[in-house]
Amino acid sequence: TVSTCTVSLTAAKSVTANFQPIFVLTTSKTGAGSGTITSLPAGVNCGSDCSEAYLNNTTVTLTATAATGSKFTSWSGACSGTTTTCTVSMTAAKSVTATFVPLYNLTVTRSGTGTGTVTSTPAGISCGTDCTEAYPANTNVTLKVAAASGSRFTGWSGACTGTTTSCVVSMAAAKTVNAAFAKP
């Protein structure tokens, strides 16, 4: 910012100009997902504007917002952690990176003449009622089956196979798992 000062020289006078350093905050995004980074005070809107100059000692709050179908997972650089906001004190030039990963749907179906439920760890699926959940890429989801009274579990198909009462699905893409139940 350019500032001017006009002095009328009717007597001896002195003028002092004070200058503050300006530091650049550079943001970037990584990962196969997508999203934006914004700042308060305004300046960064990364999508399109990923760096901004701030006065020395300015505290800048960055917010990561995942796009539909993605999830924010972490900060690195001058910020760390997994919350969607971070604070940077601009005492030098700094860089911050936000990681976004894609979300993939895991869908559970049930078949056969019997009945039962399928639940997940991490939570999200409780199939009877909630049979689809979006999980971040590379999440390992453990599915557990419980046959209802008067039914028995007969096996998995799709992204899981076998007859054990649990299976693990690695979410590298959208996947479907079927749990089959029969009456004794």
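The values are calculated or read from the model by the stated rules, or taken from the named source; none is laboratory data. Just so it is clear, the structure is predicted and the values come from calculations on it, not from any experiment. Using ideal geometry, Cβ is built from the backbone for each residue, glycine included, and neighbour counts are taken over all protein chains shown. For accessibility, only protein heavy atoms count, side chains too; no ligands or nucleic acids. Shrake-Rupley method; radii C 1.70, N 1.55, O 1.52, S 1.80 Å.
Table for the structure above
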item: Chain lengthening between Ser95 and Asn138 when straightened (0.36 nm per residue, less Cα-Cα); result: 12.8 nm
item: Accessible carbon and sulfur surface of the stretch 61-154 relative to its total accessible area, %, 1.4 Å; result: 50 percent
item: Amide H contacts of Ser74 (H built 1.01 Å from N, under 5 Å, at least 5 apart or other chain); result: Thr99
item: Partnerless Cys - the chain, beta-carbon criterion under 4.7 Å; result: Cys5
item: Environment charge at Leu106 (Cβ cut-off 9 Å; Lys +1, Arg +1, Asp -1, Glu -1); result: 0
item: For the chain: accessible area per residue (Å², 1.4 Å); result: 55 Å²
item: Rounded, prolate or oblate (a/c below 1.5 giving rounded, otherwise prolate when a/b exceeds b/c) for the chain by Cα gyration tensor; result: prolate
item: Cβ-Cβ FRET estimate between Thr164 and Ala123, R0 fixed at 30 Å, reported to 0.05; result: 0.90
item: Cross-link reach list, lysines versus Lys29, counting only Cα pairs under 26 Å and skipping chain neighbours closer than eight places; result: Lys71, Lys94
item: Relative contact order (%) - the chain, alpha-carbon pairs under 8 angstrom, separation at least six; result: 18 percent
item: Highest-MSF residue in the chain out of Lys144, Lys13, Lys29 [GNM, Cα springs under 10 Å]; result: Lys13
item: Fully extended contour minus Cα-Cα distance, from Ala67 to Ala174, at 0.36 nm per residue; result: 36.8 nm
item: Euclidean distance of C-alpha centroids, the stretch 151-166 and the stretch 12-30, integer Å; result: 64 Å
item: Counted charge near Thr132, where neighbours are those whose Cβ lies closer than 15 Å (Asp, Glu -1; Lys, Arg +1); result: 0
item: Qualifying lysines (Cα of each under 17 Å from Cα of Lys144; at least 8 residues distant if same chain); result: Lys175
item: The stretch 38-62 residues near the modelled Ser3 label - backbone nitrogen below 19 Å, point 7 Å along Cα→Cβ; result: 53-59
item: Cα→Cβ-extended label distance, 7 Å offset, between Asn105 and Thr59, nm; result: 4.3 nm
item: In range of the label at Ser157: residues from the stretch 103-137 whose backbone nitrogen is under 16 Å from the point 7 Å along Cα→Cβ; result: 108-115
item: Residue among Val118, Gly43, Ser76 farthest towards the positive dipole end of the chain, charges placed on Cβ; result: Val118
